[in-house]
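Take a look at the structure set out below.
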Amino acid sequence: MTQTIVQQRWVRLIPIAFITYSLAYLDRANFGFAAAGGMAKDLQITPVMSSLLSSLFFLGYFFFQIPGALYAANKSAKKLIFWSLILWGGLAAATGMISNVNFLIVIRFALGVVESAVMPAMIIFLSRWFTKSERSRANTFLILGNPVTILWMSIVSGYLIKSVGWRWMFIIEGVPAIVWAFFWWKLVADKPRDAKWLSNHEKDALEEKLQQEQQGIKPVKNYAEAFKSKTVILLCLQYAFWSIGVYGFVMWLPSIINAAPNSDIVTTGWLSSVPFLLAAVSMLVVSWFSDKMLTRKIFVWPFLLAGAIAFYASYLAGENNFWLSFALLVIAGGAMYAPYGPFFAAITEVLPRNVSAGAIALINSFGALGSFAGSYLVGYLNGTTGSFSASYIFMAGSLLLSSVITIIALKKEKPAQ
């Protein structure tokens, strides 16, 4: 495969994937800022109801993972993501127009349904365009849309809420997804064979390389067999516990910081962005080394363990030592995000292509359940105890379990020769 093909794919497809997932993440994560910036007060949302609203997104996200992934694999990831962009942009903007909590419940759940297929569809899309030696970095640039979006969203949302209020924040941040849908449709092709910007020789070379990588993977007859495999079951549990830590952190970090003495929504925005700056850097470094060494496990479990230790240390530091506790939370955030690229690369490399789409969706759906649990239980613990200490221990324990399960699930992995 020539250097020209390599450059064309990276320059053309990776920015598009990054922007698309960034917009998805923007419209799910800005709820935490709205809650801290006046929405809870205006709509008379109790702490328990706020926890439920934060987590309802992930309940909707859970139910439609597998159907969406199968459509992306068997029909068209391009078409699925096009309509998802339009619908989630519309729902996000509509959040700024409601005045009743019941409507907010419906919108948060529907937003999860609409976005549910985006992650597995994008992973499937990239696996059709990037080889094993590139896949961890390709996945990382996709998922990098998560921390990078939160980084700038934390700052921009703080200023928007202060200047125009939480309602206009939702509207302003929802419209770009609708506009981007038409750029997505124009710029991407589902498979190399469909790309007008590659020659026939370049298409053949890329597809031949991707096909060769599948030859060393043990065949799996169908989805039922894949879903019953020990590896898939363990990876489902691993990702669920991992997601408890990640989304408990993402959804409630603004409230944790906003509760500090002398804090306001703009300061909260700036400080909330810091963990995600470290996360972006750590993701890039870890994925580069993972692709360089062509191994995945060693770039996953140690970082999850580091995140668990950082959360527990933040608990020990206590709320009276805000800056020490905050520094440890920054480390936890960076550590939790670092392994995403190697993790999703591992899934596509241990399962044959005929079942990898469904397996990714199943694993991601368990991640959604973990996200639901993290969003709800962290908020519940914070609200009922009047402190963040219990939620720190909860997130630490979840990441510790995820680290241990990773070691077991990928124990047979060996570096490629």
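Of note:
- Of the DSSP H helices in the chain, those whose Cα atoms cover at least 20 Å axially and whose Kyte score averages 0.5 or more: 47-63, 77-95, 101-115, 145-187, 230-258, 265-293, 301-317, 322-337, 353-385, 389-409
- Calculated P(r) tail over 29 Å for region 23-170, as whole % of Cα pairs: 21 percent
- Across q = 0.11, 0.17, 0.18 Å⁻¹, region 234-323 modelled as identical point scatterers on its alpha-carbon atoms has Debye log10 I(q)/I(0) values of -0.41, -0.90, -0.98, in the order of the q list.
- Unit charges on C-beta of K, R, D, E only; dipole of region 77-174, Debye: 260 debye
- Furthest towards positive pole of dipole, Leu234, Ala177, Phe58, structure part the chain, Cβ charges: Leu234
- Given the chain, longest segment not containing exposed loop trypsin sites (Lys or Arg not before Pro) (DSSP; at most 10 other Cβ within 10 Å): 1-195
- Distance in nm between pseudo-label sites at Ser229 and Lys162 (7 Å out along the Cβ direction from Cα): 5.1 nm
- If a spin label sat at a point 7 angstrom from the Cα of Lys75 along the line to its beta carbon, the backbone N atoms of region 181-197 nearer than 16 Å would be those of 190.
- From the alpha carbon centroid of region 254-307 to that of region 128-162 is 12 Å.
- Dipole of region 3-409 computed with +1 at Lys/Arg Cβ and -1 at Asp/Glu Cβ about the Cα centre; of Ala260, Leu377, Ile124, farthest Cα towards the positive end is Ile124.
- When the C-alpha to C-alpha distance is required to be over 24 Å, the pairs from Lys203/Lys297; Lys78/Lys411; Lys230/Lys297 that qualify are Lys203/Lys297; Lys78/Lys411.
- Computed [θ] at 222 nm, helices only, for the chain once each DSSP H run of length n ≥ 4 contributes -39500 (n - 2.57): -27000 deg cm²/dmol
- Mean separation of Cα contacts under 8 Å (6+ apart) over length of region 3-409, as relative contact order %: 27 percent
- Basic side chains Lys and Arg get +1 at the Cβ, acidic Asp and Glu get -1 at the Cβ, and with that the dipole of region 3-409 about its Cα centre reaches some 880 debye.
- Computed label-point distance, nm, for sites Ile171 and Asn321 using a 7 Å Cα→Cβ extension: 4.7 nm
- Leu85, Leu56 arranged by Cβ crowding within 10 Å, fewest neighbours leading: Leu56, Leu85
- Cα-centred dipole magnitude for region 30-144, charges only on beta-carbon of K, R (+1) and D, E (-1), debye, nearest 20: 460 debye
- Think of the chain as a dipole: +1 on every Lys or Arg Cβ, -1 on every Asp or Glu Cβ, centred on the Cα centre; then among Tyr392, Leu284, Gln44, Leu284 lies furthest on the positive end.
- Average 1/r across all pairs of distinct alpha carbons in region 98-157, invert it, and you get the Kirkwood radius: 14.0 Å.
- Modelled FRET efficiency - R0 30 Å, Val101 with Phe63, Cβ distances, 0.05 increments: 0.85
- Modelled FRET efficiency - R0 35 Å, Lys411 with Arg12, Cβ distances, 0.05 increments: 0.40
Every number in this text was worked out from the coordinates using simple rules, so none of it is lab data. Source: prediction; values computed, not measured. Glycine also receives a Cβ, built like all others from the backbone with ideal geometry; neighbour counts cover every protein chain displayed.
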